[in-house]
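> Please find one structure pasted underneath; my questions will follow.
The values are calculated or read from the model by the stated rules, or taken from the named source; none is laboratory data. None of the values given here were measured: they were computed from a predicted structure. Please note: Cβ atoms are built from the backbone with ideal geometry, for glycine as well, and neighbour counts cover all protein chains shown. Ligands, DNA and RNA are excluded from the accessible area calculation, which covers all protein heavy atoms including side chains. Shrake-Rupley method; radii C 1.70, N 1.55, O 1.52, S 1.80 Å.
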Amino acid sequence: INTIKEALNTDQYQCILSPTDKSNFRYAIAPDYKANRKTPRPVHYDALREHLLEAHNATVAVGEEADDRLGILQTKNEKENELRAWTDQLETCIVSIDKDLNQIPGNHFNFVKGEIYYVNPTEGLRWFYKQLLIGDVVDNLRGIKGLGPVKAGRFLDGVMAESEMYNIV
């Protein structure tokens, strides 16, 4: 967390964790959501989670995943600051390596690669519609058979209007 704070030149942060139970609304819609995840959690998972809750005042996103809450908070900030220009001081920034969050407009930081980047609203929509086409193997969500990221990207390359993206999908 200190490395992230230093990279983003901030002392302010909010740590959000996903619930460990099946309270996530997705399980009510698709009971086999994430059913293909068989890898056990890391040995110190529970201790690290407890440390984040106690030492960093982390909150649990009950009924949703942490990435849902991050997206909601980032979207709210972007709407409140639509006319704000990019500055050295980021208003909000999603810190995650979860590729699904690339559909959320705003500032992002991939702490593994050390990359700060901005997703504009059109890029976010394009990523969302691309995910609809290809699905997400990690989350056990099927896409269109035989359609991978490259081919799906070709369908949406250069498309600017959401209505057109929707019609393509």
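> For the chain, give the percent of accessible area contributed by carbon and sulfur heavy atoms, probe 1.4 Å, rounded to a whole number.
55
> I want to verify a result. In a Gaussian network model of the chain, Cα cutoff 10 Å, which of these has the top mean-square fluctuation: 135, 146, 114?
Its mean-square fluctuation being the largest, the pick is 146.
> With both bridge residues required to lie in the chain, what share of the DSSP beta bridges run antiparallel, to the nearest 5%?
Looking only at bridges with both residues in the chain, the antiparallel portion is about 65 percent.
> What distance in nm separates the two pseudo spin-label positions at residue 117 and residue 99, each 7 Å out from Cα along the beta-carbon direction?
Going from the residue 117 label point to the residue 99 one covers 1.1 nm.
> Something else now. Fully extended, how many nm does the chain gain between residue 22 and residue 169 (0.36 nm per residue separation, minus their Cα-Cα distance)? Working shown, then result.
Numbers: separation 147, 0.36 × 147 = 52.92 nm, distance 2.97 nm.
Roughly 50.0 nm would be gained on extension.
> For the chain, which DSSP H helices look membrane-span-like by this rule: Cα extent along the axis of 18 Å or more and mean Kyte-Doolittle of at least -0.5? The partial results should precede the final answer.
On the way: long enough: 66-80 (21 Å, -1.37); 121-134 (20 Å, -0.11).
Sorted by number, the helices that extend far enough and score high enough are 121-134.
> What whole-number value in Å² describes the accessible area per residue of the chain for a 1.4 Å probe?
Numbers: 11390 Å² over 169 residues.
Normalised by residue count, the accessible surface of the chain is 67 Å².
> Still on this structure, please answer the following. Just from the alpha-carbon atoms, what are the Rg and Dmax of region 118-169 in angstroms?
10.8, 31
> Going 7 Å from the Cα of residue 76 in the Cα-to-Cβ direction, what parts of region 110-153 have a backbone nitrogen less than 11 Å from that spot?
none
> While we're looking at this one, here's another question. Could you state how much accessible area residue 119 has, in square angstrom rounded to the nearest 10, with a 1.4 Å probe and all protein chains kept in place?
Per-residue accessible area (residue 119): approximately 10 Å².
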